[in-house]
């Protein structure tokens, strides 16, 4: 790879890269994000490549800076977003998106679409009898505003030339040769960009704070830990558009006068680590990382630090401690990270999505960015939409978009025609809140959620239907938080343990009204006295479910029943005398011998012995055992 030594050379390579893209007659983008890879998309990629080469077609797997025309460009893209429909396959310039593709579909795709331009109707997305050929026409995509995610699924995640062709590294070039560090801080602050990883602190203000520190050594750190259950926004950006995030970090480094940065990403994200490492290596080889970038006085080096998966390392001071080689545990503040962060030096610390927003802000200006979102929460936000919703996946919408639009329009409503019950927002770290239907028109922005004691957090959205037990939801998240507590402070270490014990007692059918009162008191104490932000939000699932679904808690402790029919302790099984054939299969499979009866005679369940495991139900061939 030729080293890029100045801005004119970068422009020349951009022109050549665009020409190389145009020289690919057909471009096949196979979704190779983690979700689709797990569903077999790499086999689809390899099969299509094999078919093209066997037919004598010239295949380009990466852009080549020459004038040679290629019949087919084979690309491993990042996440397309529509995870419910994966594996996904996009074919350009035909503007075709195929869904739920299988290896056995490849020969038909090759013969009909790649060779002859025919559309295979059965592989198109269909809704209410209508077939959608173009991705942008599908309601799931049409109602989004894809800013940070604009390249995810539309370019080769491993090809630096494709990123350059689409304007990549133009922003750092503009900053280096026509802006001062202070001007970069100013445009980011004027844009209103707020941190996308938690509480929404103004990004430009943070950078400005580091810039004015007198210590000559400053660091830039990217938080790619993303430990919230149900969240995969940052992972998808790192896998699908790593150079965009890197360019954002470079702009932060220039603005804060830093020459060194770290990306902290959990080891459970091997594909993200692999693509980030490749991106750093190719950017360094191209001269876009390292010394005297583009012939300027600016130098910047990047390192990757793989975390061991501790949830607490998503907290800033615990994260920097982990990079330094210590156990990841938060510390008392002040001093703040901007003053004494990594290696006790002033540090810019933002998450992946925050950095990925910056290049277009620098290129297009603060006013452009403010055309999206709300007055106090400008821009867009990526959300991982999961749970009991028809269209699960990765979405991006303007700040202030209502829950109703996200769940019922983009998400396609609740699965199996069930009723909506609640939504868990932002994960434990962001302040989990289960919102009842009365809040469906609530705009998702920092200020609106704060009014109902919630936070956007990292951006996970887990939708729950009428069959969800909110007490069990609370127990699940408390179990997660308690297991992930670093143990440094007593409120979190001991308080979450006691809260979990009470919740387990309630779902086991042994709870009392007094337990609910004690649970509420403990939640209040942990929230007000824990050391770090993660500890302070640990009780959020309990606080929110007690606030909106207290009737379910009371049903568990007073009526001794689970309204949703989820908690095993409240289940009872009976055998229908008319359906029972006396085959003895249920008795033979009962692990505790709670079923008695002779061959060809009615069997009976001893409710005192029954442990409610449901083995009898699954083993009965005649549907004779019912849950009551």
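The values are calculated or read from the model by the stated rules, or taken from the named source; none is laboratory data. Keep in mind the model is a prediction, meaning the values are calculated, not measured. As a convention, Cβ positions derive from the backbone with ideal geometry for all residues, glycine included, and neighbour counts pool all protein chains shown.
Numbers at a glance
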read-out	value
Residue within the stretch 500-521 that is touching a strand residue (DSSP E or B) at 6+ places or on another chain (Cβ under 9 Å), closer than 30 Å to residue 390 by Cβ and crowded, with 17+ Cβ neighbours inside 10 Å present	no
Criterion violated by residue 102 - all others in (1) closer than 22 Å to residue 37 by Cα; (2) surrounded by 14 or more Cβ atoms within 10 Å (Cβ to Cβ); (3) within 27 Å of the chain's Cα centre (by Cα) satisfied	(2)
Matching helices (runs of 4 or more DSSP H) fully within the stretch 170-228 where at least 2 residues are in contact with a strand residue (DSSP E or B) (Cβ under 8 Å, 6 or more places away or on another chain)	181-191, 203-211
Residues of the stretch 286-300 satisfying the condition of being in contact (Cβ under 8 Å) with a residue 12 or more places away in the chain and either surrounded by 15 or more Cβ atoms within 10 Å (Cβ to Cβ) or assigned by TED's automatic domain parsing to the domain that holds residue 62 (or both)	286, 287, 288, 289, 293, 294, 295, 296, 298, 300
Complete set of residues in the stretch 442-480 that are within 25 Å of residue 370 (Cα to Cα) and in a loop (DSSP other than H, G, I, E, B)	442, 444, 445, 452, 454, 455, 456, 457, 458, 459
Residue within the stretch 266-278 that is over 17 Å from residue 534 (Cα atoms), touching a helix residue (DSSP H, G or I) at 6+ places or on another chain (Cβ under 9 Å), in a strand (DSSP E or B) and at pLDDT below 95 present	yes
Breaking point among (1) in a loop (DSSP other than H, G, I, E, B); (2) within 16 Å of the chain's Cα centre (by Cα); (3) within 14 Å of residue 349 (Cβ to Cβ), for residue 231	(3)
Selection within the stretch 37-52 - closer than 22 Å to residue 152 by Cβ and in a helix (DSSP H, G or I)	37, 38, 41, 42, 43, 44, 45, 46, 48, 49
Residues of the stretch 176-209 satisfying the condition of being crowded, with 24+ Cβ neighbours inside 10 Å and under 14 Å from residue 355 (Cβ atoms)	184, 188, 191, 193, 194, 196, 197, 203, 206, 207
When residues of the stretch 529-547 are limited to those that are more than 22 Å from residue 328 (Cα to Cα) and touching a helix residue (DSSP H, G or I) at 6+ places or on another chain (Cβ under 8 Å), the one surrounded by the most Cβ atoms within 10 Å (Cβ to Cβ)	540
All helices (runs of 4 or more DSSP H) inside the stretch 499-607 with 1 or more residues being under 32 Å from the mean Cα position of the chain (by Cα) and under 30 Å from residue 621 (Cβ atoms)	none
Filter pass, residue 144 being within 22 Å of the chain's Cα centre (by Cα), under 25 Å from residue 62 (Cα atoms) and either surrounded by 19 or more Cβ atoms within 10 Å (Cβ to Cβ) or assigned by TED's automatic domain parsing to the domain that holds residue 288 (or both)	no
Qualifying residue in the stretch 613-620 (condition: loosely packed, with under 14 Cβ neighbours inside 10 Å and either modelled with pLDDT of 90 or more or assigned to a helix (DSSP H, G or I) (or both))	yes
Residue count for the stretch 4-36, restricted to those that are surrounded by fewer than 18 Cβ atoms within 10 Å (Cβ to Cβ) and not in a helix (DSSP H, G or I)	4
